[in-house]
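Let me begin by handing over the structure; questions about it come next.
Bear in mind that the values in this text are calculations on the coordinates, not laboratory data. Here the structure is a predicted model, which is why all the values come from computation and not from measurement. When we count neighbours, we look across all protein chains shown, and the Cβ atoms used for this are built from the backbone with ideal geometry, even at glycine.
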Amino acid sequence: MPRLRARRQWRIGFVLALLALWMLAAGSAAQAAASAQLQRQREQFARAYALAQQGDPAWQRDAKALQDYPLYPYLEAAYLLHDLGSAHAARVRDYLARHGALIPGRELRRAWLDRLARKQDWQQYLAFYAPGLGATYDCRELQAQAMQGGTLTFDGAFAALWDAPRLPDACAALLQLANTQGLLTPERLWDRIQRALRARAAGTLTQTLAWLPAAQQPGAQRLALALSDPAGALAQAGAWPDTGHAREAMTLALTRRARDDADAARAAWQALRGRFELDAVQVDRIEAALALYQAVSLEPGSLRALAALPAAAQTPLTREWRARVALAQGDWPAVLAAIRAMPAAQREDKEWRYFEARALAATGATTQADARWRALARSATYYGFLAADQVQRPYALCPRDPPAQTAATAAVEADPGMQRAFEWYALNRLAHARREWNAALPGLDHAQRYAAVVLAHRRGWVDRAIFLLNHGAYLRDYSLRFPLAERTRVVRDARHAGIDPAWAFAIIRTESAWISDARSGADARGLMQLLPGTAAQLARRNGLPWEGAASLDDPSVNIALGTRYLQHLADRFGAQWLASAAYNAGPAALQRWLDKRATLPPDVFVATIPYPETRGYVESTMAFSVIYDWRLHQDPVRLSARMQPFGSAYAVPDAQAPRAAVVCSVEDLAAQGDAPPPAAASTQPAPSASVHAAAAGATP
């Protein structure tokens, strides 16, 4: 009997195993079929969308098989938008009734409202208007109501528009109508002028002053001139009357002129100060600006001028530049005095914690300095790494495994907006994908947003973590925040260029956050944010392919050229941190700074860079180089070894470079405001390389 029972159990087990294998095979086959179906739909959509954008009714042939495809609503909208002039209102209304809340519906509604506004068909404009489309459409809606016999009042929607420091040109007609109806009283106009001054909105100021009574316009015109042309305003100020608005204009002109030419501003101040009865606040603003911008240029006497400012004239900038000038002068007691004069919150910034320790060490208080450095070394930041190097501590990089998000993941995968975002990404229409992502994200809870980032990571969407994983425990999601995307290409091209791959990764992360089609206001493009002119020169110099500015959106082109540009800057300036500064601010700006700062220690030089953006950029790229080095090699080169003094030749770190151990302790986690993870994985030396093209993140 026991033998018979065992045989029966074996048969049951065998049958169950076969059943499980069959179910697995069936599931795999179903998944493969679904994947093939989705790929067919993508190809059909791409064809249909191209036809619809061209106004070809043949788009409807493929559309029949796409009614369950997430991007289906875009097809009809594209067709209607192509020839909106001949579209029938009924068809537009029908589409908006079905899809008006979606992005293509909002685009169609805007375009249709633009058409109605051009025709001045205000009755139909009101029929098609919907809130939430932007100030242009809100202004026209109020204008349409007035044109249809409604009463324009200074409250509600109009007051909200009026309070904005800037409005689009489409609002000019509404504002003129409000002025004609007597709504824009001098008091309201001056309120708007003051808001425009605070926002540095010169266009708003110029528009508004034209509605003032004639006798009040000169005062506003002086303010406008001070805002747009400070030097011109100061040249005329000697002939201005001593009125309240003239004093305000002179104060504004002096503070703005000081940014460009502190010496010229001081000379104008000396010539004009006896001409106007300024109040104490205005005098403090002027004196603070003059002292600040002389300090930024490291002019003699600037430290004394900053220290002499009365408490009422002090600002966070004047306090920090007092410390920066003292650093540049190597006056460590003055550094201590400047830092200790800061408010507690400013003094707790990692930069000032680090330099307070430097000053303590330089003045003989080594025990206190070491204690401060050890505490700061628990932070995985630029100043945390520098502090760790001062006391030869390990680096506190504490990775965590992403938490399981099964329910949240399912919710994201079922969300129609996220489905559209992921489909646009799969079709390589990145701008469309980002718009859908940004529209869908507010509707997700915290767990779902995190799940969305992880899903994007798995699908190769490399930039979605940048705005989300920037606080709390998320800071330890290094595989998401510091991706090894394009790893083979980045490592190969960096080595061909003779630079450290970790540096190239850090530049990409800082420049574009892995947005491959990123475009700056200066027209810098792609992952490494190259200007087309610079890229063309690099291509010619290095014999690399170049097919015009649009090719910079191609990572293979951008990375090859960007790494060669880093090589060029490293050859010229030597140290990685200097080349990084030149990459951000330009070689000419860096050379100006070197003329005054070349002998400063690297950490002090960085702290005295005049441009806040470049200062932060260098700090970020240097810290990111450490983190990427850790992700690539597990034992990162110490940051201090990358901070070679000016005059050093650049060299890729080799096996002899000093490297830091990496630890993660309960104390380190507590310093980051986080509890230790439940598993012992927090003690691992480094995360394994991601198998996905991961998402980028925020500054640590």
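With a Förster radius of 22 Å, plug the Cβ-Cβ distance of residue 54 and residue 84 into 1/(1 + (r/R0)^6) and report the FRET value to the nearest 0.05. Don't jump to the answer; show the numbers that get you there.
Details: r = 14 Å, r/R0 = 0.65.
The calculated FRET efficiency here is 0.95.
Which of 604, 325 has the fewest other C-beta atoms within 10 Å, and how do the rest follow up to the most? Mind dumping the intermediate values first?
Details: 604 18, 325 28.
Sorted ascending by nearby Cβ count, the order is 604, 325.
Could you grab the Rg to Rh ratio for the stretch 346-386? Cα atoms only, Kirkwood for Rh.
Details: Rg = 9.4 Å, Rh = 9.9 Å.
Reported Rg/Rh, Kirkwood definition of Rh: 0.95.
Mind checking the full-extension length gain between residue 261 and residue 123? Use 0.36 nm per residue of separation minus the Cα-Cα distance, one decimal, nm. Numbers along the way, then the final one.
On the way: separation 138, 0.36 × 138 = 49.68 nm, distance 5.52 nm.
Here the segment from residue 261 to residue 123 would lengthen by 44.2 nm.
Okay, moving on. Can you tell me the FRET efficiency between residue 401 and residue 242 if r is taken as the Cβ-Cβ distance and R0 is 56 Å, rounded to the nearest 0.05? Spell out each step's value before the answer.
Details: r = 69 Å, r/R0 = 1.23.
The computed FRET efficiency comes out at 0.20.
With no solvent and one point per C-alpha, what does the Debye sum give as log10 I(q)/I(0) for the stretch 484-677 at q = 0.16 Å⁻¹?
Computed log10 I(q)/I(0) values: -1.03.
Next question, about the same structure. Under a crude label model (7 Å from the Cα following the beta-carbon direction), how far is residue 367 from residue 329 in nanometres?
3.1 nm
What distance in nm separates the simple spin-label points at residue 431 and residue 235, each placed 7 Å from Cα in the Cβ direction?
4.1 nm
May I have the extent of the alpha carbons of the stretch 544-598 along their three principal axes, as whole Å values ordered from largest to smallest?
40, 16, 14
Quote the charge dipole size of the stretch 375-441 about the Cα centre in Debye, to the nearest 20; the model charges only the Cβ of Lys and Arg (+1) and of Asp and Glu (-1). The partial results should precede the final answer.
Working: 7 positive and 6 negative charges, 44 e Å.
It works out to roughly 200 debye.
In whole Å, how far is the Cα centre of the stretch 642-657 from that of the stretch 554-619?
The distance from the Cα centre of the stretch 642-657 to that of the stretch 554-619 comes to 15 Å.
At a Förster distance of 45 Å, what's the computed FRET efficiency of residue 61 paired with residue 163, Cβ-Cβ distance as r, to 0.05?
Numbers: r = 51 Å, r/R0 = 1.13.
Efficiency, from the Cβ-Cβ distance: 0.30.
Another question about this same structure. Quick one: which of 609-615, 369-375 comes out on top by average Cβ neighbours within 10 Å, and what's the full order, highest first? Please list the in-between numbers first.
Details: 609-615: 16.7, 369-375: 18.4.
Descending mean neighbour count gives 369-375, 609-615.
A further question follows. For residue 657 and residue 531 in one chain, what is 0.36 nm times their gap in residues minus the Cα-Cα distance, to one decimal in nm?
42.0 nm
Here is a follow-up. Just one of (i) 1.17; (ii) 1.03; (iii) 0.99 is Cα Rg over 2.2 N^0.38 Å as worked out from the coordinates here. Which one is it?
(i)
Let me ask another. What is the Cα centroid distance between the stretch 363-424 and the stretch 78-99, reported in whole angstrom?
Taking the Cα centre of each part, the stretch 363-424 and the stretch 78-99 sit 49 Å apart.
State the extension gain, in nm to one decimal, for the chain segment bounded by residue 519 and residue 634, taking 0.36 nm per residue of separation less the distance between their alpha-carbons.
Values: separation 115, 0.36 × 115 = 41.40 nm, distance 3.31 nm.
Full extension of this stretch gives 38.1 nm more.
Step through the residues of the stretch 625-641 one at a time and calculate ³J(HN,Hα) from phi using the Karplus curve (6.51 cos²θ - 1.76 cosθ + 1.60, θ = phi - 60°), rounding each to whole Hz and writing x for Gly and Pro.
Running phi through 6.51 cos²θ - 1.76 cosθ + 1.60 with θ = phi - 60° gives 4, 4, 5, 5, 4, 5, 5, 7, 10, 6, 10, x, 4, 4, 4, 4, 6 Hz.
Right, another one. With +1 assigned to the C-beta of every Lys and Arg and -1 to the C-beta of every Asp and Glu, and no other charges, what is the dipole magnitude of the chain about the Cα centre in debye, to the nearest 20? All intermediate terms of the calculation are to be shown ahead of the outcome.
Values: 78 positive and 64 negative charges, 335 e Å.
Dipole size: approximately 1600 debye.
Something else: Among 151, 567, 125, flag the residue with its Cα farthest along the positive direction of the charge dipole of the chain, charges on Cβ as +1 for Lys/Arg and -1 for Asp/Glu.
567
Give the peptides 399-405, 568-574, 527-533, 626-632 in descending order of average Cβ contacts within 10 Å, highest first. Provide the component values of the computation, followed by the final result.
Values: 399-405: 16.0, 568-574: 19.1, 527-533: 20.7, 626-632: 24.6.
Top to bottom by mean Cβ count within 10 Å: 626-632, 527-533, 568-574, 399-405.
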